[in-house]
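The structure appears right after this line, and notes come after that.
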Amino acid sequence: MALVPVTELLLHANREGYAVGAFNANNMEIIQAIVEAAEKENSPVIMQASQGAIKYAGLEFITGMVKIAAGATRVPVALHLDHGTDFDQVMKCIRSGFSSVMYDGSKLPLEQNIAITNKVLEICRPIGVSVEAELGKIGGTEDDVHVSEREAMYTDPEEARYFVEKTGVESLAIAIGTAHGQYQGDPKLDFERLKKIKDLVKIPIVLHGSSGVSDESVRKAISLGVCKVNIDTNIREAFVGEMRRRMEENPHEIDPRKLLGPAREAVVAIIRDKIRVFGSAGKA
Ligand code: G3H
Ligand code: 13P
Ligand code: ZN
C-alpha cells in the first residue's frame, strides 16, 4: 500500500472515538516492528521521524525503509515528520515523500507560529500532505520546572480556537501536562482543559509525551478528543532494555542479529499493547 495522509486516519478515528498510535522510527528494526505490530492487530499506524532520527539515519534511508515496509503490508501506514521546527527540513521531508508533517512553532510568538504554519499549509494542501501544528509548550520530564511554571506553558483554549480559525490546520498538538521522556511519577493531565479545547476547535487533537501516561489516562484523553498518541520513550526502553538483558546474559555474543532480533520482538510486543489501549486494533 502507498503511504496514506495522517488526516485521513485521524478523521476516521475522530468519528469513531479511538486514536491512532504514532510511533517514532529510528532504525530498520523499529520500522519493521511497528509494521509487524500493526499487521498483527489489523490497525492503521503512523511512523514518525524526528529531525534527530533523520540526522541519524539519513532522510532517504528513513523514507526508503518506511516506503518498503508500507508497500509490503495491507494495513494503512503514514510517514510523518515529528516536531519539524525548521521550515527547510519540513520542505525536504515533503520532497522526499512524507505523507504528513508537523510544523512545530510552539516556541515562537503566536502570530509567527500562525504565519509559518500557514506557509506550510499552503504548500501541503494542494499535494495532499497532512499538517499538524503545536500550541503550548510540551516540555521534557528532565526540564526542572515547578508545576505552576509548567501550567503556564499549557495550551490556552481561546488561543487554540483563534489558532485553528486563522490556519485551518488539520490536527493540533496541545500541552495539558504531558512531557517527553521518562517521568518520575504519574503525570496529572488537565482533562478540563482538553475538554474546553476540543469543544472550541473540533479537529483531531494530538497527545505528545504519552509514554509514561497510564493506560487509564490515555483512554480518558481519547474519549475527550485525542486522536493521535505519540510514543517514543516506551520503544527506546523496550529496544535497549532487551539488548541490555541479552548482553548481560551472554557478554561474549558478537552477532548483532542475536541482540537486535530480540530487541525488535520486544518493540512488537509494546506496540501491540499500545494499539489495543488506543482502540485502533481491527480498524485497518
Ligand atoms: O518528541 C521527541 C521524540 O521523542 C523524538 O526525540 O529528537 O531524540 O529523536 P529525538
Ligand atoms: P514520549 O517521550 O513520551 O514517548 O513522547 C514521544 C513524542 O511525543 C514524540 O513526539
Ligand atoms: Zn512530541
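The residues of the range 45-57 that are touching a Gly at 6+ places or on another chain (Cβ under 9 Å) and either among the hydroxyl-bearing types (S, T, Y) or open to solvent by less than 30 Å² (accessible area, probe 1.4 Å) (or both), listed by number, are V45, I46, S50. Hey, any hits in the range 197-214 for a residue that's in a helix (DSSP H, G or I), open to solvent by 40 Å² or more (accessible area, probe 1.4 Å) and among the hydrophobic types (A, V, I, L, M, F, W, C)? Yes; the residues of the range 197-214 include at least one that is in a helix (DSSP H, G or I), open to solvent by 40 Å² or more (accessible area, probe 1.4 Å) and among the hydrophobic types (A, V, I, L, M, F, W, C). Do any residues in the range 249-265 that are under 19 Å from I235 (Cβ atoms) have Cβ atoms under 8 Å from those of residues that are open to solvent by 70 Å² or more (accessible area, probe 1.4 Å), where the two are at least six apart or on different chains, and which pairs are they? Close Cβ pairs (under 8 Å, with a partner that is open to solvent by 70 Å² or more (accessible area, probe 1.4 Å)) amount to L259/R246; L259/M247; P262/R246; A263/R246; R264/Q32.
Among the residues of the range 213-220, is there at least one that is modelled with pLDDT of 95 or more and within 16 Å of ligand 1 (Cβ to nearest atom)?
Within the range 213-220, the subset modelled with pLDDT of 95 or more is 213-220.
Cutting the leftovers down to within 16 Å of ligand 1 (Cβ to nearest atom) gives us 213.
Checked against the condition, which is being modelled with pLDDT of 95 or more and within 16 Å of ligand 1 (Cβ to nearest atom), the range 213-220 yields at least one hit.
Yes or no: E237 open to solvent by 30 Å² or more (accessible area, probe 1.4 Å), farther than 22 Å from Y18 by Cβ and part of a helix (DSSP H, G or I)? Taking the combined requirement at face value, the residue satisfies it.
When N230 is tested against (1) within 16 Å of ligand 3 (Cβ to nearest atom); (2) of a type in the set (S, T, N, Q); (3) in a loop (DSSP other than H, G, I, E, B); (4) crowded, with 22+ Cβ neighbours inside 10 Å, only condition (3) is not met. Just one of (1) open to solvent by less than 20 Å² (accessible area, probe 1.4 Å); (2) more than 21 Å from L121 (Cα to Cα); (3) out of contact with any Gly (no Cβ under 9 Å at 6 or more places or on another chain); (4) part of a helix (DSSP H, G or I) fails for G21. It is (4). Residues considered: A53, A38, A49. Of these, the only one that is touching a helix residue (DSSP H, G or I) at 6+ places or on another chain (Cβ under 8 Å), within 16 Å of ligand 1 (Cβ to nearest atom), of a type in the set (A, V, I, L, M, F, W, C) and within 19 Å of K228 (Cα to Cα) is A49.
When V77 is tested against (1) over 30 Å from A152 (Cα atoms); (2) open to solvent by 10 Å² or more (accessible area, probe 1.4 Å); (3) touching a residue at least 60 places away in the same chain (Cβ under 8 Å), exactly one condition is not met: (2). The residues of the range 44-66 that are of a type outside the set (A, V, I, L, M), within 16 Å of ligand 3 (Cβ to nearest atom) and not in a strand (DSSP E or B), listed by number, are Q51, G52. If only residues of the range 128-186 that are of a type in the set (D, E, K, R) and without any contact (Cβ under 8 Å) to a residue 24 or more places away in the chain are counted, the one that is farthest from L110 (Cα to Cα) is D144.
Filter the range 84-107 for residues that are outside any helix (DSSP H, G or I) and more than 14 Å from A173 (Cβ to Cβ) and give the result.
Going residue by residue through the range 84-107, those that are outside any helix (DSSP H, G or I) are 84-86, 97-107.
Matches in the range 84-107: D86, G97, F98, S99.
Here R246 meets the list (1) part of a loop (DSSP other than H, G, I, E, B); (2) of a type in the set (D, E, K, R); (3) touching a Lys or Arg at 6+ places or on another chain (Cβ under 8 Å) almost entirely, failing just condition (1).
I need the full set of residues from the range 86-100 which are out of contact with any strand residue (DSSP E or B) (no Cβ under 8 Å at 6 or more places or on another chain) and either open to solvent by 20 Å² or more (accessible area, probe 1.4 Å) or aromatic (F, W, Y) (or both), in order please. The answer is D86, D88, M91, K92, R95.
Just to check your reading of the model, which residue among R219, R245, R272 is open to solvent by 30 Å² or more (accessible area, probe 1.4 Å) and either polar (S, T, N, Q) or under 18 Å from I46 (Cβ atoms) (or both)? Before you say what the answer is, go through the steps one by one.
On the way: R219 fails: either polar (S, T, N, Q) or under 18 Å from I46 (Cβ atoms) (or both); R245 fails: either polar (S, T, N, Q) or under 18 Å from I46 (Cβ atoms) (or both).
Selected residue: R272, the only one of R219, R245, R272 that is open to solvent by 30 Å² or more (accessible area, probe 1.4 Å) and either polar (S, T, N, Q) or under 18 Å from I46 (Cβ atoms) (or both).
Criterion applied to Y103, Y162, Y154, Y183 was being hydroxyl-bearing (S, T, Y) and open to solvent by less than 10 Å² (accessible area, probe 1.4 Å), and the one residue passing it is Y103.
The values are calculated or read from the model by the stated rules, or taken from the named source; none is laboratory data. As the structure is a prediction and not an experimental result, all values here were calculated from the model. All Cβ positions, glycine included, derive from the backbone under ideal geometry; neighbour counts span all protein chains shown. Side chains are part of the model used for accessible areas, which takes the heavy atoms of the whole protein and leaves out ligands, DNA and RNA. Shrake-Rupley method; radii C 1.70, N 1.55, O 1.52, S 1.80 Å.
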